[in-house]
1. Quick one: in region 28-43, which of the residues that are over 13 Å from the mean Cα position of the chain (by Cα) and of a type in the set (A, V, I, L, M, F, W, C) is farthest from residue 10 (Cα to Cα)?
2. Taking residue 160, is it at pLDDT below 95 and closer than 15 Å to residue 4 by Cβ?
3. List pairs: first residue in region 4-23 and touching a residue at least 12 places away in the same chain (Cβ under 8 Å) and within 20 Å of residue 60 (Cβ to Cβ), second residue among the acidic types (Asp, Glu) and not in a loop (DSSP other than H, G, I, E, B) anywhere in the structure, Cβ distance under 7 angstrom, at least six positions apart or on different chains.
4. So which of 70, 58, 100, 41 is of a type in the set (A, V, I, L, M, F, W, C) and touching a Lys or Arg at 6+ places or on another chain (Cβ under 8 Å)?
5. Out of (1) more than 14 Å from the chain's Cα centre (by Cα); (2) free of Cβ contacts under 8 Å to residues at least 60 places away in the same chain, the odd one out for residue 75 is which?
6. Inspect all residues belonging to region 80-87 and state whether any of them is in contact (Cβ under 8 Å) with a residue 24 or more places away in the chain, over 22 Å from residue 30 (Cβ atoms), surrounded by fewer than 13 Cβ atoms within 10 Å (Cβ to Cβ) and of a type in the set (Ser, Thr, Tyr).
7. With respect to residue 137, is the statement that it is crowded, with 17+ Cβ neighbours inside 10 Å and in contact (Cβ under 8 Å) with a residue 60 or more places away in the chain true?
8. Scan (1) of a type in the set (Val, Ile, Thr); (2) loosely packed, with under 14 Cβ neighbours inside 10 Å; (3) touching a residue at least 24 places away in the same chain (Cβ under 8 Å); (4) not in a helix (DSSP H, G or I) for the single condition residue 125 breaks and write down its number.
Amino acid sequence: MVAPADASVIIYKGLANLPAFNPDVESQDLPQTVKELRKQVGNADGLLISSPEYAHGVPGSLKNALDWLVGGFEFIDKPVALLNPSPHSLFAHPQLMETVRVMSGKLIEDACLTLPIAGKKLDATGIANDLTLGPPLARAMQTFCNAIKQTYSDNRSGKAR
């Protein structure tokens, strides 16, 4: 709805099915749900992460998913944009930025956005059609897609990213 016409957004729906991160398991046979997460991340041209803040931090389920990605190669140099759903969330957003950087993701800061969505009870269509939410989100998505195109263009031309 707010993504450019040449982009597709696939929502990862397996967050609740991931087992608790265990570095001992990571060096052995990964659980199937973790393999699927890594496959989807590896196949994605970029990652949009939108998360509420919980107890002044990143929700445990999201951190768990990111922990499972640390030992793989799928996240490295992957363009990432963060969408913060509440201007009152002051801690999780910078924590996520730091985590993405530590994991060697390519944070596209110009595409990161804080929107006052929390508590508005809007679905995707409502957000897209809201005059205060839709246009900034569309601009952020366009910026993110442009950065992804530039990243892959740079890689084909041999430029370092």
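The values are calculated or read from the model by the stated rules, or taken from the named source; none is laboratory data. Please read these numbers as outputs of a predicted model, since none were measured by experiment. Don't worry about glycine lacking a Cβ; one is built from the backbone with ideal geometry, like all the others, and counts go over all protein chains shown.
1. For region 28-43, the residue satisfying everything is 30.
2. No, not satisfied.
3. Every condition considered, the pairs that remain are 14/36; 21/67.
4. None of the others qualify; the one that does is 41.
5. (1)
6. No, region 80-87 has no match at all.
7. Yes, satisfied.
8. (4)
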